[in-house]
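In what follows, a single structure is set out as structure tokens and then discussed.
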Amino acid sequence: MYKNTKKALEIILKEEYDKENPLQSFTHLNLGNQLLTVPKGETILYQGDSAEYFYILLSGHTVIMNQISFSTNDIIDYVEPPHILGLMEYINKDSFYTAFVVADTACVLFRVNAKEFMDFIQQDAKLCYQALIITAHIASSNMDRAETHRILPTKDILGYYLYRQACYKLPYTCPLTRKGLANKLNINLRTLYRYLDYMEKHNYITLHKGKIIINQEQMEQLSLRYGDVII
């Protein structure tokens, strides 16, 4: 199985398979349940599940979705080959998948253990190079998407950021100035002031002598809103 997996990866990463009918390109290899055929509308990855595997999209299109209760648009991106689902979680050291992936059309995928995949490309310079090309493609797609679409509404970008920072220490005092915080989150300064006033009014934060402070009670309030958000 080990040799077959490596051979399959060589074919896939070099894109030497039939993109119209990928299954035919691997009939000489005993890949078992590593080759997956997923019908339209079926979920491929579940947000929050353990990110043990990479799923390499060989054909078809998928929708990447992030389920956030207060978001008006759950769709993050539309993906087509070449793409390695689960790779960004590995790079970011996330132990779970950070989004749902649903087949937008019938899809064929190759499933490989994440650790095995990394072992293969570390031992083979050509495979590593091909994987880097795909990673660059994914990163470019993510950057294009980030410029045109935000996963969270602007107000919640601020709230989620403060919540995540406060997770490390309570009570939490934001060390950034208002201008520094606005620049970091790419929010208009006047808009930031308005959102901070809103958050104080709803007991998410305390504004005291120019500082943004979060206490235990406010952290519990923030947790109710952002605790289940996975980005």
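For region 31-40, the set of residues classified as in a loop (DSSP other than H, G, I, E, B) and surrounded by fewer than 11 Cβ atoms within 10 Å (Cβ to Cβ) consists of PRO39 only.
Looking at region 1-23, I want the residues that are under 14 Å from ASN33 (Cα atoms) and have a partner that is aliphatic (A, V, I, L, M) with Cβ atoms under 7 Å, at least 6 apart or on another chain. Which pairs are those? That search, which allows pairs on different chains as well, returns ASN4/LEU29; ASN4/LEU31; THR5/VAL112; ALA8/LEU29; ALA8/LEU31; LEU23/LEU35; LEU23/VAL108.
For region 99-137, residues that are touching a helix residue (DSSP H, G or I) at 6+ places or on another chain (Cβ under 6 Å), within 21 Å of ASN66 (Cβ to Cβ) and surrounded by 19 or more Cβ atoms within 10 Å (Cβ to Cβ) total 0. Looking at (1) part of a helix (DSSP H, G or I); (2) surrounded by fewer than 13 Cβ atoms within 10 Å (Cβ to Cβ); (3) modelled with pLDDT of 90 or more, find the lone condition where PRO175 falls short. Unmet for PRO175, out of (1) part of a helix (DSSP H, G or I); (2) surrounded by fewer than 13 Cβ atoms within 10 Å (Cβ to Cβ); (3) modelled with pLDDT of 90 or more: (1).
Only a single item in (1) surrounded by fewer than 18 Cβ atoms within 10 Å (Cβ to Cβ); (2) modelled with pLDDT under 90; (3) more than 15 Å from THR105 (Cα to Cα) is not met by SER50, and it is number (2). When each of ALA136, ALA114, ALA99 is tested for being of a type in the set (A, V, I, L, M, F, W, C) and at pLDDT 90 or above, the lone residue that passes is ALA114. Does VAL38 count as touching a Gly at 6+ places or on another chain (Cβ under 7 Å) and at pLDDT 95 or above? Against the criterion (touching a Gly at 6+ places or on another chain (Cβ under 7 Å) and at pLDDT 95 or above), VAL38 does not qualify.
When restricted to residues that are farther than 22 Å from LEU132 by Cα and among the aromatic types (Phe, Trp, Tyr), region 3-58 contains 2.
The values are calculated or read from the model by the stated rules, or taken from the named source; none is laboratory data. All of these numbers come straight from a predicted model, not from anything done at the bench. We place every Cβ from the backbone using ideal geometry, glycine too, and count neighbours over all the protein chains shown.
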